[in-house]
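Visitor: Okay, handing you the structure first.
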C-alpha cells in the first residue's frame with residue numbers, strides 16, 4: 001500500500017488540474033459584445049434632392065421683326081433695367097416703309113378733305129334741285145370711301161412705325177442676362193430666341209423627383225433648402241409647382257421650390273439640396289451592423305436577460321435609413337440585440353453586454 005500512495009497523489013493532482021482547466025474554458029467562452037435595447041423612436045423621414053437656383057420668371061428675348069443686328073450692348077451676367085435697350089437691328093428699310101406709308105396717308109387725307117368740301121356744295125345744289133338725289137348719294141359714298149381710306153392708311157402707318165420701333169430689343173423688366181446666342185452683324189428672324197432674362201425678385205430651386213416621392217413632397221411638413229456654397233445655413237422652402245407629367249427621358253417630375261427669404265448669398269445657378277421632411281412616426285430600428293442573413297433571411301442575435309445567452313431571431317425589414325434598419329416584425333421593444341460581432345457568436349453562447357451609445 002505504501003508503494004501506491006505516490007500514484008494516488010499524482011492522480012488526484014491531475015484531476016484537480018483538469019477541473020481548473022474546465023472552469024477556465026467556461027470563463028473564456030463568455031464573449032463580450034456590444035448590445036442595444038430596441039425601442040420605438042419617432043423619427044421624421046428625410047429625403048434629399050439636388051437642384052439648382054433659378055429665378056421664378058425666366059424670359060426668352062427675341063426681336064419682333066427680322067433683320068441684321070446692328071449693335072449689341074448686353075453681355076451674359078449684365079444687370080439691366082426695365083426698358084433698357086439690349087440690341088438693335090438695321091432700321092433703314094423699316095424707316096423707308098414708314099415714310100412711304102405716311103406719304104400715302106397725307107395724300108388720302110387731302111382727297112378726303114376735298115371730298116368733304118365737294119359734298120357740302122352738292123348738298124346745296126340738291127337743295128335747289130339742280131342735281132338728282134342719286135347724284136348726291138354717289139358723292140356722299142365717295143366721301144365715305146375717302147374717310148375709310150384715311151383710317152386704313154393711318155393704321156398702316158402706325159403699324160409700320162411700330163415695326164421700326166421693334167428694331168430695338170429692350171428688357172421687359174429688370175433682371176440679369178443669363179444667356180446670349182447672337183452677335184453683331186448676324187441676320188435674325190422675327191421671334192428667334194436670342195437671349196434669356198432672369199427677372200429680379202423671387203428665387204426658386206428646381207429639382208427632379210421620382211414618381212415614388214411625389215406624395216411625400218406634396219405632404220411634406222417642411223422643405224429645407226441648403227446651398228453647397230453656404231454650409232450650415234438653412235432656407236425655408238415652399239412647393240410652388242409640380243409638373244403634371246414626367247419627363248420623357250428621365251421619367252422624373254420637375255418640382256419648383258420657392259425660397260421664402262433668400263439673402264445676398266443666394267445666386268442664380270448655385271447648387272442646392274432640398275430636404276423633404278415628412279411627418280414623424282414611431283418606428284422600431286436597429287443598427288444595420290446587427291443584421292446578418294441565414295438562407296437569405298435577415299436575422300438578429302437576441303440576448304436573454306436572465307441567462308445572458310444569445311439566440312437567433314428572424315425579422316422582417318422595413319426602410320433602411322442611414323446606418324439603421326427599420327424592423328417591422330420579429331422583434332419587440334425592450335429586447336436586447338447584439339450590434340457588433342454578430343459573425344463570431346453561436347446559438348446558446350453566453351455573452352457579457354456592453355451597451356451601445358444609442359441605448
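Visitor: From 262, 298, 244, which residue is surrounded by 14 or more Cβ atoms within 10 Å (Cβ to Cβ) and not in a strand (DSSP E or B)?
Guide: Answer to the selection: 262.
Visitor: From 232, 213, grab the single residue that is farther than 23 Å from residue 67 by Cα, surrounded by 14 or more Cβ atoms within 10 Å (Cβ to Cβ) and at pLDDT below 90. Spell out how you get there, then give the answer.
Guide: On the way: 232 fails: surrounded by 14 or more Cβ atoms within 10 Å (Cβ to Cβ).
Answer to the check: 213.
Visitor: While we're on this one: Name the residues in the range 136-175 that are part of a helix (DSSP H, G or I) and touching a residue at least 60 places away in the same chain (Cβ under 8 Å), would you?
Guide: Matches in the range 136-175: 160, 161, 163, 164.
Visitor: OK, next. I'm trying to understand the selection: among the residues of the range 251-305, which are modelled with pLDDT under 85 and under 20 Å from the mean Cα position of the chain (by Cα)?
Guide: 277, 278 - these are the residues of the range 251-305 that are modelled with pLDDT under 85 and under 20 Å from the mean Cα position of the chain (by Cα).
Visitor: For the range 277-295: of the residues being touching a helix residue (DSSP H, G or I) at 6+ places or on another chain (Cβ under 8 Å) and in a loop (DSSP other than H, G, I, E, B), which is nearest to residue 206 (Cα to Cα)?
Guide: This residue is 278.
Visitor: Next up: Condition check: under 15 Å from residue 48 (Cα atoms) and part of a strand (DSSP E or B). Does residue 274 satisfy that?
Guide: Yes.
Visitor: Here's another thing I want to ask about it. Looking at the range 40-49, is at least one residue part of a helix (DSSP H, G or I), surrounded by 15 or more Cβ atoms within 10 Å (Cβ to Cβ) and in contact (Cβ under 8 Å) with a residue 40 or more places away in the chain?
Guide: No; the residues of the range 40-49 include none that is part of a helix (DSSP H, G or I), surrounded by 15 or more Cβ atoms within 10 Å (Cβ to Cβ) and in contact (Cβ under 8 Å) with a residue 40 or more places away in the chain.
Visitor: Have a look at 125, 153 and point out the one that is touching a helix residue (DSSP H, G or I) at 6+ places or on another chain (Cβ under 9 Å) and either within 30 Å of residue 97 (Cα to Cα) or buried (at least 16 other Cβ atoms within 10 Å of the Cβ) (or both).
Guide: Values: 125 fails: either within 30 Å of residue 97 (Cα to Cα) or buried (at least 16 other Cβ atoms within 10 Å of the Cβ) (or both).
153 is the lone residue from the list that is touching a helix residue (DSSP H, G or I) at 6+ places or on another chain (Cβ under 9 Å) and either within 30 Å of residue 97 (Cα to Cα) or buried (at least 16 other Cβ atoms within 10 Å of the Cβ) (or both).
Visitor: Still on this structure, I have one more. Name, by its number, the condition in (1) surrounded by 12 or more Cβ atoms within 10 Å (Cβ to Cβ); (2) without any contact (Cβ under 8 Å) to a residue 12 or more places away in the chain; (3) assigned to a helix (DSSP H, G or I) that does not hold for residue 111.
Guide: Failing condition for residue 111: (2).
Visitor: Given the conditions (1) modelled with pLDDT of 90 or more; (2) more than 15 Å from residue 116 (Cα to Cα); (3) surrounded by fewer than 13 Cβ atoms within 10 Å (Cβ to Cβ), and given that residue 132 satisfies all but one, which numbered condition is not satisfied?
Guide: Condition not satisfied by residue 132: (1).
Visitor: Something else about it: Looking only at the range 74-90, filter to residues that are out of contact with any strand residue (DSSP E or B) (no Cβ under 6 Å at 6 or more places or on another chain) and in a loop (DSSP other than H, G, I, E, B); which one of those is surrounded by the most Cβ atoms within 10 Å (Cβ to Cβ)?
Guide: Among those residues, the one meeting the criterion is 84.
The values are calculated or read from the model by the stated rules, or taken from the named source; none is laboratory data. The structure displayed is predicted, hence computed values, not measured ones. Because the Cβ atoms are built from the backbone with ideal geometry, glycine has one as well, and the counts that use them run over all protein chains shown.
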